Structure formats: C-alpha cells, structure tokens
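The values are calculated or read from the model by the stated rules, or taken from the named source; none is laboratory data. Note that the structure is predicted; figures quoted are calculated from it, not measured. With ideal geometry, Cβ positions are generated from the backbone for all residues, glycine too; neighbour counts draw on all protein chains shown. Side chains are part of the model used for accessible areas, which takes the heavy atoms of the whole protein and leaves out ligands, DNA and RNA. Shrake-Rupley method; radii C 1.70, N 1.55, O 1.52, S 1.80 Å.
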Amino acid sequence: MESLLLLGQMLSLTAKIVVAVFLLRAYRISERFSSLHLGIAWLVSAVVVLMDALGQETFVVIFYALFSAVLFYGSLLFLIEEGQVSLKRPWMWALPPIVGTVYGLLLGNGWDSRVGISYGVSAFYVFLAGVTIASAEADFPTARRAGIALALFGLHEMDYPILRDVSWFAPIGFTVGAFLTLLSAYLMARMVLSERFIGRKPTVEVKPGVQLLTRENYGSVVDGLKDYPVLAFLREPAPYPAWTGYMLTAVSGEMKIHPTNLARISEIVSRYLREASAQGVTGVVVIDGVEFLVTYNGLQPVLKFLATLRDMALVNRALLLVFIEEGAWNPKELSMLRRIFAIE
C-alpha cells in the first residue's frame, strides 16, 4: 500500500509540473498574465504534493492555501483579460484561503483546525477558480471545458481532509487527482493558446495596412475577403462562414458585444492578431458601425479606441478596415478620423 501511495504521489507531482510548464510556456507565447499566474499556481501545487510526501502537514496547508489563492487570482485575471469583469484590486478576492489558513493554524493544535478546515476552504477556492473560468463567454468553449475540469478537481480535493487517512483510498485519490490535473492542464493550455479565429491558413494574400472606407464600398471590398479568416465587428451577423463576426448590439447573447465594451473589443482584436502572427497569417479586422459606437461612448473615446486598433494593426502587420457613413460626420470630425488613419 505504501508503494501505491508513493506511486500516486509521484504521478500527481509529475502531472502538476507538466501543467506548470505548459502554462508558463503559453504565457511566453500569448503574453497573458492569467497564464503566468496559473502556471505559478501549479508549481506551488507540486510543492504541496512534495510536502505531503514528507509528512509536513503545516507546510501542506500553507502551500495549498497559496496555490488556491494564486489560482483564483489567475482565474480572475482571465475574466479581466476577456473583458467580462472589471476589478481594481483582484488580488483582494484571493486572500480568504490564506487568511483562513493562518487563522486555523493560530486557532489550536487539533488536526481539524490546523489542516482539515484550512485545506477544505482552500480546495473550495480551487473549485471557485474553475467556476470563474467556466463562466467565460459562450464563444470561448475551450475555457468553459477547462473551467469545468478545474472545478471537478477542486471538488475532488475537498475530500482530502475526510479520506486522507483511509489507506485503501489514498492511492486512488492521488491517481484521480493526477488525472484531473492532467485534464485541467491540457484544457487550460488549449484555453490560453486557443485557435479561436484561424482554423486553417488562407490561400489568399492580403497586404497589411489601415484603411478608412465609406459604407458604399463595403460590399465590393469585403466580397474579396469572403473566404478569409476575418475578425469583424458589425451591426448585423457576419455575412460569410469563414469570418468570426461579433454583432455590436445592446442586446446580450452569443457572439454579441455591447457597444460600450470597447475594452473587450480591443482584447479580442489583440488576441486574434497574436494568433494570426503566430501562424504566419496577415490578420484582417473589419469594423462597421463606428457611428453606433459614438452614440454610446462619445466621439473622443471612440477616436482613442480606433487609434489603438490602428497601432495594433501596424505593430502586427495586419489589415484594419474601418467603414463609416461619411454623411453622418461633420467636416471637423471627419478630419480627425482621417488623421488617425493618416489620410490626407
């Protein structure tokens, strides 16, 4: 039985190190800080297994609290990067596992207070981290699957204080934990490196640049891109199956973005352009409905938003196409727009 327990612990330790390596490598590629913190969290979790193998119960609960806190913080960063939540100090929401563990250690010498309750609270926050990730928008199914796997891992970890001393269950528990760890690792790596936009490389060549075009030219311009993996933000559903189209609307729903959520649009564009660059593809972003954005946000915020998209396109050698109703702008506003796109 001892050998089986050791085998289960080694399997769990290896799995968590593999998770960390995947996520830290994903951070280097995607530059998502959520991936960095999730990777660090799994490294700390590997230390938890090591401390458990050495019989260091106090260090087990301390490192496990740190693991769950960093993991939950990483999950919050993920939603912030997705533009779904806005938190000024997200780290504060990750403090309860650490505070609870310190309180439990100071409370007394009983196993229940020092280890059981503290471990259970931390495991619950692992579950919450999974639920947080799983709450991603419906257009990000990979994140939902990763979150569900992580939530199951958290639920499994919550049985540790109850079943840890059941000798026949310990090897099974570590094996199940290792499996859920690897499953979470695989899905989380896919989440942060997800090919959400470009399923296959296009055969059509596109010249990078930024263009401000009138709505009258929309049909003739986009028709040549109907088979290209374009990222589009439109006032109507995407006209072509090859496009990834988000509808600008105040009505919530799948593949819909509220016109005031400019930060989310910027984040989606940034991720698309990074993915395109990684695959050696010239990204193409289409914005149609600028007047609608101005109605909800005002002129200056939209001009800053468009300038940001322009810079993203130039840095990533992509093509940005922005369509406007020229008659809806006065000469001064039109001049400011053209200045952003370097149109004389």
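Side notes on the structure shown:
- Across the range 50-108, the number of residues qualifying as assigned to a loop (DSSP other than H, G, I, E, B) and open to solvent by 70 Å² or more (accessible area, probe 1.4 Å) comes to 5.
- Matching residues in the range 282-299 - criterion: being open to solvent by 20 Å² or more (accessible area, probe 1.4 Å) and part of a loop (DSSP other than H, G, I, E, B): Thr282, Gly298
- Taken over the range 335-344, the criterion of being free of Cβ contacts under 8 Å to residues at least 24 places away in the same chain and open to solvent by less than 20 Å² (accessible area, probe 1.4 Å) is satisfied by no residue.
- Boolean, Glu326 is out of contact with any His (no Cβ under 8 Å at 6 or more places or on another chain), more than 30 Å from Ala26 (Cβ to Cβ), open to solvent by 40 Å² or more (accessible area, probe 1.4 Å) and among the charged types (D, E, K, R): yes
- Restricting the range 229-262 to residues that are part of a loop (DSSP other than H, G, I, E, B) and aromatic (Phe, Trp, Tyr), the residue that is least open to solvent (accessible area, probe 1.4 Å): Trp243
- Output for the range 300-319, where each listed residue is among the hydrophobic types (A, V, I, L, M, F, W, C) and part of a loop (DSSP other than H, G, I, E, B): Ala318
- Of the set (1) outside any helix (DSSP H, G or I); (2) in contact (Cβ under 8 Å) with a residue 40 or more places away in the chain; (3) among the hydroxyl-bearing types (Ser, Thr, Tyr), all apply to Ser277 but (1).
- For the criterion of being part of a helix (DSSP H, G or I), modelled with pLDDT of 85 or more and touching a Ser or Thr at 6+ places or on another chain (Cβ under 9 Å), Thr175 fails.
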